[in-house]
Structures are given as C-alpha cells and as structure tokens.
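Novice: Got a structure here, written out as structure tokens. Questions coming.
Taken together, the values in this text are just the output of simple stated rules run on the coordinates, not laboratory data. None of the values given here were measured: they were computed from a predicted structure. Cβ placement follows ideal geometry from the backbone for every residue including glycine, while neighbour counts extend to all protein chains displayed.
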Amino acid sequence: MIGIIGGTGAEGQALSVRFASNGHEVIIGSRNESKAKDVAESITGMYKKFHIQGMTNFNTAQNAELIILTVPYYSQKDVLNEIKPNLTNKIVVNTVVPLVFKNSKVFLEKTVVGSAALESQKLLPDSFVVTAFQTISSEQLIDLKVIVDSDVLICGDDLDAKQKVISLINRIEGLRSIDTGSLDNSIYIENLTALLVNINKTNKVRSAVRITGI
Ligand SMILES: NC(=O)c1ccc[n+]([C@@H]2O[C@H](COP(=O)([O-])OP(=O)(O)OC[C@H]3O[C@@H](n4cnc5c(N)ncnc54)[C@H](OP(=O)(O)O)[C@@H]3O)[C@@H](O)[C@H]2O)c1
C-alpha cells in the first residue's frame, strides 16, 4: 500500500494515478479527510479498476507501508512532525523541492541543512528518506496516454530502501531510476529542478532529464 501525503495536489494526484495504473493500492492523504475522499472518488470515477482511497495524512501514514511526500516545502516540517509517530522504520519518498517563484523566475529557498530532503531525514531519524520525482512534472505523470520519457534521480542513505524505490519506479513505463548516491546529493537534484523549470519557462517546453553513459 502506497500512501501519498498531500496527495490531493497536482503531484500527489499524478503519482496516485501512475502507481494505481501499475496495480498498486494507493491512499491519498490530506489535512481534510472529506477532501481526500472526494479526490480519490473523482479518480476512481474515471478509472474504475484503480484502488485508491482517501484518508487524513495521519491515517495515511499509519496504514501505508511506503509513504510519498508531496506537500509544499513551507509545510514539510509541520506535516512530518504530525505524522512522524506513524513513520518509524518506513520508507519516505520525498518529492519536495523548495522552489520560490519571483519576477517570473524560479529560485530555491534556502533550507536549514542544505536541502528539503536532508531536512526531512533530520526530522525523521527512524525512517528511510529516499528522494525521487523532483524533476518530473505532474502534468506528464497524470496523463496516462503519455509515456514519460525521463530518468528519475534517486538518492538516499539506506541501500535497501533505495533499491525498493528504484524497483518500484522502474516498473513504470518510460521511467528509469538512476542511483545518484547518498542523500546529500539531494542538494544538486533540488537545484537541477529549479534549472529545469527555468528552461521550461524560457523555451516554453517540458524538459526532463536523461543521463547518458550509464
Ligand atoms: N507539481 C509538480 O509538477 C511537481 C513536480 C515535482 C515535485 N513537486 C513537489 O511536490 C510538492 C507538491 O507540489 P504540488 O504542485 O502538488 O503542490 P500543491 O498542489 O500546492 O500542494 C500539494 C498538497 O499539499 C497540501 N498542503 C498545501 N499547503 C499545506 C500546508 N500549509 N500544510 C499542509 N499541507 C498543505 C494540500 O493538501 P490538503 O489541502 O489536501 O491537505 C495540497 O493539495 C512540492 O514540494 C513540489 O516541489 C511538484
């Protein structure tokens, strides 16, 4: 069971749809239970075979074996502190990028320990944080007619957790996971995401990452 914290937003819904289309049971989490149920029902209304339900973030963290975090950076700390008791020994896939939009450009907000992902691991010492999906747009993930042509840059400090996330993602058609190393590489992935967004704005495209030579 995959639980998506902040799953009612653009990235959370997109990942719910992709994972459910791959046969996974998904829980969409929200601060508001009825909002989560409404979003889950609207997706299962479109895709009758998908197993998606809605719960509060707290209950999502309690019921899911693997957690994906898709909340804005400014709320990451509060959300994680609330659900932390339910995350012990679980894998937490962090998609969060501390982006700030200013004067039609994108910047990265300064984080306390260097990256949103490192901060989340500090907040969750008893969980295994692995980063993924930061560079992939929800617009591409949510459209199941699109085979997303991209690598997914993964980093994390626990090898088993990282391998589980890599296997999970590699089953999604088009995506290929690249192990970029330990969690401190999340600094570069978050910076690269800001660059990609600026490339998209400048060229009016949807760019993505492919690493060659591997
Ligand atoms: N959108 C993309 O294409 C994309 C791609 C890669 C990575 N990401 C990352 O994914 C994360 C979510 O992006 P998004 O575009 O999906 O954002 P979003 O739609 O603005 O927010 C996602 C969800 O977070 C919850 N949320 C919002 N403010 C909150 C607060 N103050 N406290 C607690 N929960 C709050 C909301 O759920 P409830 O109201 O239901 O609680 C909301 O539906 C971001 O960190 C972003 O960097 C996004």
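Novice: Along its principal axes, what span do the Cα atoms of the range 104-168 show, with the longest given first and each in whole Å?
Specialist: Answer, in whole Å and largest first: 39, 37, 15 Å.
Novice: I'd like to know which of L175, G29, Q121 lies farthest towards the positive end of the charge dipole of the chain, counting +1 on Cβ of Lys and Arg and -1 on Cβ of Asp and Glu.
Specialist: L175
Novice: Going highest first, how would you order 70-82, 140-152, 23-35 by mean Cβ packing within 10 Å?
Specialist: Values: 70-82: 17.5, 140-152: 15.9, 23-35: 19.5.
Packing order, densest peptide first, comes out as 23-35, 70-82, 140-152.
Novice: Also, I was wondering about something else. Quick one: Cα centre-to-centre distance for the range 123-143 and the range 49-77, in angstrom?
Specialist: About 12 Å separates the Cα centre of the range 123-143 from the one of the range 49-77.
Novice: For T60, T135, T202, what's the fewest-to-most ordering of other Cβ within 10 Å of each Cβ? Let's see the in-between values first.
Specialist: Values: T60 29, T135 21, T202 10.
Ascending Cβ contact count within 10 Å gives the list T202, T135, T60.
Novice: For the range 49-155, give the share of DSSP beta bridges that are antiparallel, in percent and rounded to the nearest 5; count only bridges with both residues there.
Specialist: Working: 5 of 13 bridges.
Roughly 40 percent of the beta bridges in the range 49-155 run antiparallel, per DSSP.
Novice: Neighbouring Cβ atoms within 10 Å as the yardstick, rank L69, L99 fewest first. Display every interim value, and only then the final one.
Specialist: Details: L69 30, L99 17.
Exposure proxy ranking, most exposed first: L99, L69.
Novice: For a protection proxy built on the mean count of beta-carbon atoms within 10 angstrom, sort 171-178, 91-98, 203-210 highest first, please.
Specialist: Values: 171-178: 15.2, 91-98: 25.9, 203-210: 12.5.
The most tightly packed comes first, giving 91-98, 171-178, 203-210.
Novice: Once the principal axes of the Cα atoms of the chain are found, what is the range along each, listed largest first in whole angstroms?
Specialist: Principal axes ranked by extent give 39, 37, 37 Å for the Cα atoms.
Novice: With the Cα gyration tensor of the range 58-103 giving a ≥ b ≥ c as the square roots of its eigenvalues, does the rule (a/c under 1.5 for rounded; else a/b larger than b/c for prolate; else oblate) give rounded, prolate or oblate? Don't skip to the answer; put the middle values down first.
Specialist: Values: a/c = 3.15, a/b = 2.21, b/c = 1.43.
Verdict is prolate for the range 58-103.
Novice: Among S137, S186, what is the fewest-to-most ranking by other Cβ atoms within 10 Å?
Specialist: Working: S137 20, S186 31.
Final ranking by Cβ density, sparse to dense: S137, S186.
Novice: Right, another one. Go ahead and estimate [θ] at 222 nm for the chain from helices alone: -39,500 (n - 2.57) per DSSP H run with n ≥ 4, summed, over the residue count, rounded to 500.
Specialist: Numbers: 8 runs with 87 residues, N = 214.
Result for the chain, helices only: -12500 deg cm²/dmol.
Novice: Sticking with this structure for a sec: Report, in debye and to the nearest 20, how large the dipole of the chain comes out about its Cα centre when Lys and Arg carry +1 and Asp and Glu carry -1 on their Cβ. Display every interim value, and only then the final one.
Specialist: Details: 22 positive and 22 negative charges, 114 e Å.
Using only the charged Cβ atoms, the result is roughly 540 debye.
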